[in-house]
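To start, the structure itself, in structure tokens.
The values are calculated or read from the model by the stated rules, or taken from the named source; none is laboratory data. Here the structure is a predicted model, which is why all the values come from computation and not from measurement. In this analysis, Cβ positions are derived from the backbone assuming ideal geometry, glycine residues included, and neighbour counts consider all displayed protein chains.
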Amino acid sequence: MTFLGIDLGTSGLRALLVDDAGQPIGATERHYKVSHPHPGWSEQDPADWIAALEGAVAELAQNHPAFRDLAGIGVAGHMHGATLLDAQGAVLRPCILWNDTRSAEEARRLDGMPGVRAASGNIVFPGFTAPKLDWVRDHEPEVFTQVETVLLPAAYLNFFLTGTPVTDMSDAAGTAWLDTGARDWSDDLLAAGHMRRDQMPALVEGSDRAGVLRPELLEAWGLTGPVTVAGGAGDNAAAACGIGALNEGQGFVSLGTSGVLLAARDGYRPAPETAVHTFCHAVPGRWYQMGVMLSATDSLNWLAGIAGTTPAGLTADLGDALAAPGTVRFLPYLSGERTPHNDADIRGAFTGLSAATTRDDMTRAVLEGVAYGLRDSFEALKATGAQMDGLMAIGGGAASRYWLRLIATVLGVPLALPSGGEFGAALGAARLGMAATGRDVQEIMTAPDVGEVIDPVDDLREVYESAYQAFRAAYPAIRSIQ
């Protein structure tokens with residue numbers, strides 16, 4: 001038997017085929033665009049996701065005969081996106097993505113309503129799904145009146161695969177419609193956002209069966225079936241499954257477009273006042289908490305674009321040995337910030353620039369600013385009681401040893417690097433597909449081998465602690481002038 005893991009990312013789709021031991025057989029990627037029709041808007045056409053999926057499947061089927069033995073599929077996807085369907089299952093408008101900030105006012109209204117945080121366990125952020133629908137109600141009433149079903153991006157792929165609207169708990173927890181502790185839709189939260197339970201997909205655990213592959217797809221993909229489709233997961237919950245972070249004390253730092261610090265939790269311990277996200281995990285009886293900064297590698301990509309080079313080109317001249325903090329400071333709020341500020345309007349800044357400032361100085365400042373932003377999330381998670389004595393490091397930014405030494409020093413914990421091979425959201429999705437066919441979750445979702453451990457640079461801990469405190473003090477000053 002083989003299993004397919006699908007990671008529906010913001011910029012592209014990755015498909016991973018594994019054998020029944022979870023070992024990779026083949027993988028491929030397809031890319032698509034994000035549309036920004038107005039400042040602060042971020043949208044995608046769900047048809048692009050389907051085209052990417054079909055192209056990826058066709059390539060895997062052609063190149064790997066084992067694809068014909070497909071037994072299970074799991075889908076992971078970027079969270080919070082609002083995919084609106086009419087009564088015939090047709091998409092009504094482009095999907096409003098997680099990093100779209102148009103619904104900031106609607107988010108503030110919902111967040112201020114009595115009982116909303118208590119039920120959802122979270123602040124209502126502008127990127128969440130509920131305020132998006134409130135925005136559509138106010139600004140596109142002709143669309144809102146036609147909404148029969150709201151699906152998150154991963155759930156839309158599951159709908160394409162099975163013909164049934166189903167979502168998993170981890171993804172649903174990012175809508176502000178789910179009672180995260182009870183793992184069920186909340187009628188009170190739905191009513192606050194002018195929605196109804198019958199407009200929601202059915203809920204399943206991410207490791208449970210959501211349906212089976214439609215007969216039309218079995219035929220088109222050259223399969224005899226049946227093929228089980230799992231509930232799936234939001235991208236970070238799937239990444240946690242991919243590195244085996246299911247239990248208290250396990251977690252990771254992810255340096256992707258956004259920066260994520262995630263801690264698995266054995267129980268439900270919400271702390272919305274910290275701007276920490278408290279979500280259901282993709283497996284039963286588990287939750288996770290995470291701090292999110294919106295511009296991690298995105299900050300480095302931004303500077304690289306201005307400098308006319310690549311991110312790797314910026315960091316290459318820094319070497320691997322960590323230097324002391326520079327005099328230039330960077331606030332990494334290019335798209336606003338979630339944890340801990342919950343501020344959609346704040347924007348980034350350089351301070352301490354002089355005629356002597358070099359490109360390397362600015363590069364180090366960007367890396368330091370992201371590290372300090374992650375420290376903000378680290379402190380917020382610690383306030384909830386999360387134990388993080390060590391973390392896995394994943395994501396594209398983890399290729400920079402300088403950055404990892406910096407982050408380890410600022411956080412004060414070692415960072416473990418997987419030894420290679422597959423891990424992360426695509427593998428986590430494939431593992432969920434395996435679990436949905438009846439395999440034991442704990443046996444499947446193991447941690448990868450560690451290839452290297454990056455320890456904090458003890459001699460620089462104190463000076464970086466002082467620099468972090470100065471970074472924290474800079475936020476109110478910058479906010480007051482913007």
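The set of residues in the stretch 334-352 that are in contact with a Ser or Thr (Cβ under 9 Å, 6 or more places away or on another chain) and either over 25 Å from P272 (Cβ atoms) or not basic (K, R) (or both) comprises L334, S335, G336, E337, T339, P340, A344, D345, G348, F350, G352. Of S170, S254, all but one fail to be of a type outside the set (V, I, T), outside the structural domain of L97 (by TED's automatic domain parsing) and in contact with a helix residue (DSSP H, G or I) (Cβ under 7 Å, 6 or more places away or on another chain); the exception is S254.
Quick one: how many residues across the stretch 135-182 are assigned to a helix (DSSP H, G or I) and either under 23 Å from the mean Cα position of the chain (by Cα) or closer than 21 Å to E216 by Cβ (or both)? Step through it out loud before you land on a result.
Filtering the stretch 135-182 down to residues assigned to a helix (DSSP H, G or I) leaves 135-139, 141-144, 153-162, 169-172.
Among the residues that remain, those that are also either under 23 Å from the mean Cα position of the chain (by Cα) or closer than 21 Å to E216 by Cβ (or both) are: 135, 153-162, 169-172.
Residues that pass the stated criteria total 15.
Looking across the stretch 439-476, the residues that are of a type in the set (G, A, S) and either modelled with pLDDT of 95 or more or within 30 Å of L331 (Cβ to Cβ) (or both) come down to S466, A467, A470, A473, A474. Inside the stretch 335-369, can you point out the residues that are modelled with pLDDT under 95, surrounded by fewer than 16 Cβ atoms within 10 Å (Cβ to Cβ) and either of a type in the set (K, R) or within 26 Å of F128 (Cβ to Cβ) (or both)? Those that are modelled with pLDDT under 95, surrounded by fewer than 16 Cβ atoms within 10 Å (Cβ to Cβ) and either of a type in the set (K, R) or within 26 Å of F128 (Cβ to Cβ) (or both): D345, R347.
Of the residues examined, A282 is not one that is more than 21 Å from I123 (Cβ to Cβ), crowded, with 21+ Cβ neighbours inside 10 Å, assigned by TED's automatic domain parsing to the domain that holds L110 and modelled with pLDDT of 95 or more.
Name the one entry in A323, A282, A275 that is under 14 Å from the mean Cα position of the chain (by Cα) and not hydroxyl-bearing (S, T, Y).
On the way: A323 fails: under 14 Å from the mean Cα position of the chain (by Cα); A275 fails: under 14 Å from the mean Cα position of the chain (by Cα).
That would be A282, the only listed residue that is under 14 Å from the mean Cα position of the chain (by Cα) and not hydroxyl-bearing (S, T, Y).
Checked against (1) buried (at least 22 other Cβ atoms within 10 Å of the Cβ); (2) farther than 20 Å from W287 by Cβ; (3) not small (G, A, S), E422 passes all but a single condition, namely (1).
Within this structure, E379 passes the test of being without any contact (Cβ under 8 Å) to a residue 60 or more places away in the chain, in the same structural domain as T278 (by TED's automatic domain parsing), assigned to a helix (DSSP H, G or I) and surrounded by fewer than 24 Cβ atoms within 10 Å (Cβ to Cβ).
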